[in-house]
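What follows is a single structure, written as structure tokens, with notes after it.
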Amino acid sequence: MTEHATPTEPVFTTERKARLEALATRYPTRQALLLPALWMAQQAHGWISPEAIEEIATELELTPAYVRGVLTFYTMYHTHPVGRHFIQVCTTSPCNMCGAEDVVAALLDHTGCGDLGATSPDGRFTVIEVECLGACAFVTPILINDDFIESVTPDTVADLLARYP
Amino acid sequence: MGYPHPIHPKETPVLSTHFGEMEARSLEGWVARGGYVALRQALEMTTEAIVDEVKASGLRGRGGAGFPCGMKWGFMPKDDGRPHYLCCNADESEPGTFKDREIIRWTPHALIEGCAIGCLGIRAETCFIFIRGEYTEPAEILERAVAEAYAAGVIGPDACGSGKRIDIFVHRGAGAYICGEETALMNAIEGKRGNPRIKPPFPAVSGLFGMPTTINNVETLAAVPHIITRGAAWYAGLSLSSPKSTGTKLISVCGHVQRPGTYEITMGLPMQELIFDLCGGMREGRTLKAVIPGGSSVPIMTPEEVAGCATDYEGIAASGSLLGSGGMIVMDDSTDLVYQIMRLARFYAHESCAQCTNCREGTAWTTRILERILRGEGKSADLDLLLDLADNMTGRTICVLADSCAAPVISGIQKFRPDFDAYLTGARAPVMVEA
Ligand SMILES: Cc1cc2nc3c(=O)[nH]c(=O)nc-3n(C[C@H](O)[C@H](O)[C@H](O)COP(=O)(O)O)c2cc1C
Ligand code: SF4
Ligand code: FES
């Protein structure tokens with residue numbers, strides 16, 4: 001359904017493998033490459049597939065179960081495919097007090113996602129609530145993929161989304 | 001693009017002097033502003049002299065606990081022949097806190113310089129800057145600045161031509177508040193789940209990769225170059241109140257004030273002036289109801305406590321709370337405090353690493369009971385139950401996340417009891433919260 005649904009290439013192509021090995025010189029263990037390797041997989045495929053887990057385990061000399069155990073601890077790694085544009089909205093107290101719930105409602109409405117965590121029928125968006133994004137003076141901060149956007153209001157949501165076809 | 005607000009006359013810009021200046025981000029722009037003079041100076045000093053200077057400055061950790069920085073550096077072993085590590089804590093995830101982000105995105109070289117001097121102060125050749133995964137833009141700016149510093153030979157195998165090796169690496173987190181706890185952060189770098197470790201052993205004995213390690217907050221390290229160039233006496237002299245709280249502090253203010261943002265104050269500035277002069281006070285027609293001064297993990301303050309409070313470690317402690325990270329959440333009289341306390345409890349329940357029973361169960365039950373009260377289904381015994389749970393979360397777990405959940409609950413019930421009673425007696429209509 002989404003662009004990233006099926007991993008079509010291995011994570012560690014020649015280029016990414018070279019990047020991984022360059023990083024390896026920084027750490028005394030290969031295990032320490034786990035978070036960077038998981039980021040590479042997610043950037044390549046949009047999520048971390050069972051195939052990617054196998055691949056990472058082999059590269060880092062770990063077991064797939066260990067890799068899975070670590071990756072599920074961290075909330076930013078996706079264990080299933082998500083919309084082409086992944087939206088994270090802060091709703092922790094400082095943002096909540098200043099109107100974040102209205103922004104969530106506007107986002108769910110305009111994206112067509114309907115529910116938090118659900119992907120819109122066209123595969124374009126997924127919206128989730130997250131805890132404090134460290135930008136509490138700029139209510140409401142949201143992340144669309146890697147773009148950090150401050151001071152979003154229900155009124156600005158439509159224009160903002162138009163930039164993410 | 002400019003910084004959200006011009007410097008207020010009651011601010012003391014030291015770390016924030018160049019916030020908002022795009023040119024300050026580049027190595028060239030930073031050097032033009034006096035950058036890397038302190039590092040060159042420190043490279044000429046002995047480790048002991050660096051540590052003594054930082055000790056004499058009175059600099060205390062800006063990550064939350066306020067531990068004296070020089071003393072922490074002094075715990076690192078001498079002549080042990082093992083590699084030492086410096087970890088820079090850029091995980092900044094404490095609700096209300098967004099000051100380190102400003103340092104990183106406006107003055108990345110200030111942090112790199114602080115990390116480099118920190119390495120010299122603890123006999124380390126390697127510093128890992130652990131930055132939270134959500135800080136995409138700051139991480140990019142920081143990576144670019146680190147690459148520039150390497151390319152210019154400021155850091156690397158022969159830092160500033162000194163013959164000394166200083167490596168600085170940026171390591172991205174992936175979402176988990178708990179990774180801000182120092183030993184959880186080390187586990188995250190090592191490629192493990194971010195569970196805090198049982199102490200002892202303390203990091204100075206066995207930290208990252210089992211080696212002697214020091215961990216410092218971004219703001220702590222960014223202050224160090226100023227102490228080296230301007231001297232410990234100058235820094236120690238920056239205090240309006242207690243000689244135990246020296247220097248300047250970045251306070252990130254959010255919530256219901258006219259001008260939320262990050263402000264740099266001399267330690268001891270009256271909190272009243274911070275909120276009403278620097279931040280412009282409450283919104284039109286509103287009055288102050290409560291302040292959480294140090295990130296969400298500290299006790300809530302009443303307007304009466306705010307009125308006489310000096311903004312520093314001792315001053316806020318004397319007024320019933322803690323300076324913590326300096327993330328200040330200001331609430332006006334429109335705030336449903338019970339709801340916000342529930343929302344904070346939910347935060348801790350979500351972020352608990354679940355190793356300790358008292359934390360895993362305590363944070364979850366606290367949230368559920370508060371939700372029940374908000375639905376209008378609470379009983380007066382629920383408040384005792386909440387206080388009992390809070391008691392079981394205080395001082396009984398591997399790390400202080402559980403204590404952090406208890407702090408707003410205990411102080412909320414003690415200081416704002418009528419807000420809870422309104423729901424319990426039915427005087428206030430229930431609000432719907434998703435279970
Ligand atoms: C649950 C928890 C979260 C924390 N989060 C952070 C954080 O995001 N940033 C930080 O600098 N310190 C954080 N700390 C404090 C660190 O454990 C540590 O004390 C600090 O980084 C030490 O640096 P400093 O002495 O320079 O303040 C946290 C502590 C706990 C218990
Ligand atoms: S107190 Fe909570 S977060 Fe800290 S180690 Fe225990 S379970 Fe984990
Ligand atoms: S509470 Fe929303 S960014 Fe901090």
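Largest first, the three principal axis extents of the alpha carbons in the stretch A:14-73 are 26, 21, 18 Å in whole numbers.
Given chain B, what whole percent of its Cα pairs are spread farther than 29 Å? Working shown, then result.
On the way: 43780 of 94395 pairs.
Tail of P(r) above 29 Å: 46 percent of Cα pairs.
Just want to confirm a number: the relative contact order over chain B, from Cα pairs under 8 angstrom separated by 6+ residues, in percent. Reported as a whole number, the value is 16 percent.
Tell me, what is the percent relative contact order of the stretch A:85-161, built from C-alpha pairs under 8 Å that lie six or more residues apart? Don't jump to the answer; show the numbers that get you there.
Values: 135 pairs, mean separation 29.8, N = 77.
In percent, rounded to a whole number, it is 39.
Taking other residues whose beta carbon is less than 13 angstrom from the beta carbon of B:Asp388, and scoring Lys, Arg as +1 and Asp, Glu as -1, yields -3.
Considering only Cα atoms, the convex hull volume of the stretch A:85-161 works out to 72 Å³ per residue. Between B:Met211, B:Met186, B:Met393, find the one with the highest GNM mean-square fluctuation for chain B; connect C-alpha pairs within less than 10 Å. Comparing B:Met211, B:Met186, B:Met393 in a Gaussian network model of chain B, the most mobile one is B:Met211.
With an a/c value of 1.5 or above and a/b not larger than b/c for the gyration tensor axes a ≥ b ≥ c computed over the alpha-carbon atoms, the stretch B:280-435 is described as oblate.
Taking each residue as 0.36 nm, the span from B:Arg40 to B:Arg396 lengthens on full extension beyond its C-alpha to C-alpha distance by 123.6 nm. What is the angle, in °, between the Cα long axis of helix B:47-57 and the longest principal axis of the Cα atoms in chain B? Nearest 10 is fine, range 0 to 90. The two axes meet at around 40 degrees.
Kindly flag which residue pairs out of B:Lys99/B:Lys192; B:Lys10/B:Lys99; B:Lys72/B:Lys199; B:Lys55/B:Lys249 have an alpha-carbon separation exceeding 22 Å in this structure.
Details: B:Lys99/B:Lys192 28 Å; B:Lys10/B:Lys99 18 Å; B:Lys72/B:Lys199 15 Å; B:Lys55/B:Lys249 17 Å.
Beyond 22 Å: B:Lys99/B:Lys192.
Paramagnetic label reach from B:Arg259 (point 7 Å along Cα→Cβ; backbone nitrogen cut-off under 12 Å): within the stretch B:306-323, no residues.
Rounded to the nearest 5, what % of DSSP beta bridges with both residues in the protein assembly as shown are antiparallel? Taking every DSSP beta bridge within the protein assembly as shown, about 45 percent pair in antiparallel fashion. With each label modelled as a point 7 angstrom along the Cα→C-beta vector, the B:Arg417-A:Thr25 pair spans 6.6 nm.
Using the alpha-carbon positions of the stretch B:159-296, Rg (one decimal) and Dmax (whole number) come out as 19.6, 62 Å.
Out of the stretch B:1-72, which GluC sites (Glu not before Pro) are coil in DSSP terms and have no more than 13 other C-beta atoms within 10 Å?
Details: sites: B:Glu11, B:Glu21, B:Glu23, B:Glu28, B:Glu44, B:Glu48, B:Glu53; in loops: B:Glu11, B:Glu21, B:Glu44.
Sparse-neighbourhood loop GluC sites (Glu not before Pro): B:Glu44.
Within the listed set A:Asp109, A:Asp147, A:Asp122, the residue fluctuating most in the Gaussian network model of chain A (springs between alpha-carbon atoms under 10 angstrom) is A:Asp147. Summing +1 for each Lys or Arg and -1 for each Asp or Glu among the other residues whose beta-carbon sits under 13 angstrom from that of B:Lys289 gives -3.
Each label was represented as a point 7 Å from its Cα along the Cα-to-Cβ direction; for B:Ala147 and A:Thr63 these points are 3.9 nm apart.
What is the distance, in nm, between label points placed 7 Å from the Cα along the Cα-to-Cβ direction at B:Asp333 and at B:Asp158? For the pair B:Asp333/B:Asp158, the computed spacing is 6.9 nm.
Looking at the stretch B:290-319, which GluC sites (Glu not before Pro) are in a loop (DSSP not H, G, I, E or B) and have at most 14 other Cβ atoms within 10 Å? Taking the stretch B:290-319 and a limit of 14 other Cβ atoms within 10 Å, no loop GluC sites (Glu not before Pro) are found.
Can you tell me how the stretch B:57-124 classifies by the Cα gyration tensor, rounded, prolate or oblate, using a/c under 1.5 as the rounded cut? Taking the square roots of the gyration eigenvalues as a ≥ b ≥ c, the stretch B:57-124 is prolate. With 20 Å bins beginning at zero, the pair-distance distribution over Cα atoms of the protein assembly as shown amounts to 20, 56, 24, 1 %.
If the viscosity is 0.890 mPa s and the temperature 25 °C, what translational diffusion coefficient in µm²/s does Stokes-Einstein give for the stretch B:339-431 when Rh comes from Kirkwood over Cα pairs? Working shown, then result.
Working: Rh = 12.9 Å.
The calculation lands on 190 µm²/s.
Read-outs: derived from the displayed coordinates by stated rules, not from any lab. These numbers were taken from a predicted model, which means no experiment stands behind them. Backbone-built Cβ (ideal geometry, glycine too); neighbour counts: all protein chains shown.
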